[in-house]
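The values are calculated or read from the model by the stated rules, or taken from the named source; none is laboratory data. Since the model is a prediction, treat every value here as computed from it, not as a measurement. Cβ coordinates were reconstructed from backbone atoms using ideal geometry, including for glycine residues, and neighbour counts include every protein chain displayed. SASA here: full protein model, heavy atoms, side chains in, ligands and nucleic acids out. Shrake-Rupley method; radii C 1.70, N 1.55, O 1.52, S 1.80 Å.
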Amino acid sequence: MAQNSPQDFVDLHNAARRVEGVGRDKAVVEYVESYAAKRAGDCALIHSGSWKKAKYGENLYGGPDGGGHWTAADAVKSWMS
C-alpha cells in the first residue's frame, strides 16, 4: 500500500494541477468532499453526473489488476494523459 494512501493521491493530483495552472477552488473542494462522503460506504467507481449542472467531473481509475500493483502515481499519470 506504499504510495497509495489517500494523501498520496491528493498530493500527486494537486502537483499535477499546479503544473497545468489549475488552482484550488473552494466550491470544487466542497463538492468533492460532499460527493466523497456519499461514496464512502461503497467506494464505487461511479461518476456523479455533476458535469451536467456544475461542470465538475471525477477522476476514476481502477488500475490494470484491481489495484494490486499500481500506485497513486499511476492513477494521476493516467488522469493527466
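Could you tell me which residue of region 18-36 is nearest to residue 6 (Cα to Cα), considering only residues that are open to solvent by less than 70 Å² (accessible area, probe 1.4 Å) and part of a helix (DSSP H, G or I)?
36
Given (1) touching a helix residue (DSSP H, G or I) at 6+ places or on another chain (Cβ under 7 Å); (2) modelled with pLDDT of 80 or more, identify the lone condition not met by residue 11.
Checking residue 11 against (1) touching a helix residue (DSSP H, G or I) at 6+ places or on another chain (Cβ under 7 Å); (2) modelled with pLDDT of 80 or more, the one that fails is (1).
What are the pairs, 6+ residues apart or on separate chains, where a residue within region 13-35 that is within 14 Å of residue 58 (Cβ to Cβ) has its Cβ under 8 Å from a residue that is assigned to a helix (DSSP H, G or I) and of a type outside the set (Lys, Arg)?
Hits for this filter: 13/76; 13/79; 31/50; 35/50.
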